[in-house]
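Worksheet: one structure, shown below.
The values are calculated or read from the model by the stated rules, or taken from the named source; none is laboratory data. Predicted model only: the values in this text are computed from it and were never measured. Note that each Cβ is placed from the backbone with ideal geometry, even for glycine, and that neighbours are counted across all protein chains shown.
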Amino acid sequence: MTEKILKELEEIRKYVMIKHPFLFSTIAKLPVVIENVKTAATDGRKLMFDPKFWNLLMFKEDKVGVFLHEVLHVALRHVEAMRSKTYKGTWNIVTDAIVNDIVKQLGYDLPAPAITFEDLAKMTNHEYTADELRKKSATELYWIMLKYVKKVEAEDLIPRSGDESGVAPSIDIPTVDVFGKMAGNIPGSLIERIEELLKPKVDWKRLLRVAFYRAYRGKGRYSWSKVHRKLPNLRPGRFPKKVVEPRKIYVLIDVSGSVVSEKLVFYQFVSEIAEIAKEFRTELEIVLWDTEIKNIIKSRDPKKIVEEIEKTPRGGGTIIDDAIYYIDDRVEESDAVVILTDGQVSSSPQAQKIMKELPSRVGVAVYCYTLEIMEPIRNSKGWKIIRIMP
Ligand SMILES: [Zn+2]
């Protein structure tokens, strides 16, 4: 039985390599093995097919579809990217929708139940349409879906432990370029997904640190100003700037969002902030909010902070007003304010006004987000905006 399946897989492999040459280099480096994996799976280095499952596939279209599904996971490096995700199953659902969509655009079928963007839209209770989701990057989809599905175990993406030697073959970009232009048969969405891979990964931890160092220990102790307020007789030029240290760091954390549930990233964020507070020898005050303030933590111990947050009950809605009023009453000139949210937040005009003016009242104001930049912050100068990625 195994012999027959392997022969069939070999045929499909050749067929796909000839029919879709942009996948040639990916497939050429990928061994195909028969293994009891329930359906089909990949660890990024080989493709695994379950003999029983394979024999249940009736149509050639389905078989090619299943083969391509696993190949595309490898080409788009989904196994590697899964490493940094707490909810590997959620990541698997999201990337399945992505590859299934491409499989269909390439003209093949998949055996039911193959997850689609329509399914994802349904899971969000239609807060998003399938087409809106189709336009999101894999990471954005992951943040969005975390609100609705928290699956810990992945299905067909198998994490590898340890070494990255013999790094998994990814899609060959020059091949895509040459063949894609020649043949014009690469689905547009696949090209976009590949471009997404090529974008340099933003080091948000570094950016967070840089925001603090620039604000409080900027390169020069001089700054350009038009006319010195205290010495109006001086002509415009470089003047000494007061060196300030932050008195206190306020961190406003949206506990309703998906940021808090992505434990790996959240712990990194809290550790980074705690580390900065220690370096600047400053107090750290963490304000947890969803529709109102839920808890206030005064500690620089990341473990303790995370424990406190896990103990804090949280609801569904998200209104930032309370948290903003809280700091509005308290911030001083040298303080730092950091907001962490998914960005899907309501706010009153009053709170928006405070947010708009906040950067001019404090040493530094940093907005860390996963999905959206809140309106008042997008349109106000002075906020340092940092996207948090898993
Ligand atoms: Zn899959």
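Here LYS7 meets the list (1) more than 12 Å from the ligand (Cβ to nearest atom); (2) in contact (Cβ under 8 Å) with a residue 12 or more places away in the chain almost entirely, failing just condition (2).
Of note, VAL16 does not satisfy the criterion of being within 15 Å of the ligand (Cβ to nearest atom) and either surrounded by 17 or more Cβ atoms within 10 Å (Cβ to Cβ) or modelled with pLDDT under 95 (or both). Residue count for segment 343-357 satisfying the condition of being modelled with pLDDT under 95 and hydrophobic (A, V, I, L, M, F, W, C): 1.
For segment 290-308, a residue qualifies if it is hydrophobic (A, V, I, L, M, F, W, C), farther than 19 Å from LYS248 by Cα and assigned to a strand (DSSP E or B), but none of them does.
Yes or no, residue by residue, for (1) β-branched (Val, Ile, Thr); (2) part of a helix (DSSP H, G or I); (3) surrounded by fewer than 18 Cβ atoms within 10 Å (Cβ to Cβ); (4) within 12 Å of the ligand (Cβ to nearest atom):
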residue	(1), (2), (3), (4)
ALA41	no, no, no, yes
ARG45	no, no, yes, no
MET48	no, no, no, yes
PHE53	no, yes, yes, no
LYS63	no, yes, no, no
LEU68	no, yes, no, yes
VAL71	yes, yes, no, yes
SER84	no, no, yes, no
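Taking each residue of segment 267-288 that is in contact (Cβ under 8 Å) with a residue 40 or more places away in the chain and aromatic (Phe, Trp, Tyr) and looking for partners that are surrounded by fewer than 20 Cβ atoms within 10 Å (Cβ to Cβ) and not in a strand (DSSP E or B) with beta-carbon atoms closer than 9 Å, six or more apart or interchain, yields PHE269/TRP204; PHE269/LYS205; PHE280/TYR216; PHE280/ARG217; PHE280/GLU245.
Taking the listed residues PRO21, PRO31, the one that is in contact with a strand residue (DSSP E or B) (Cβ under 9 Å, 6 or more places away or on another chain), at pLDDT below 95 and more than 16 Å from the ligand (Cβ to nearest atom) is PRO31, with no other qualifying. Looking only at residues in segment 94-135 that are assigned to a helix (DSSP H, G or I) and in contact (Cβ under 8 Å) with a residue 60 or more places away in the chain, the one that is nearest to the ligand (Cβ to nearest atom) is ASP96.
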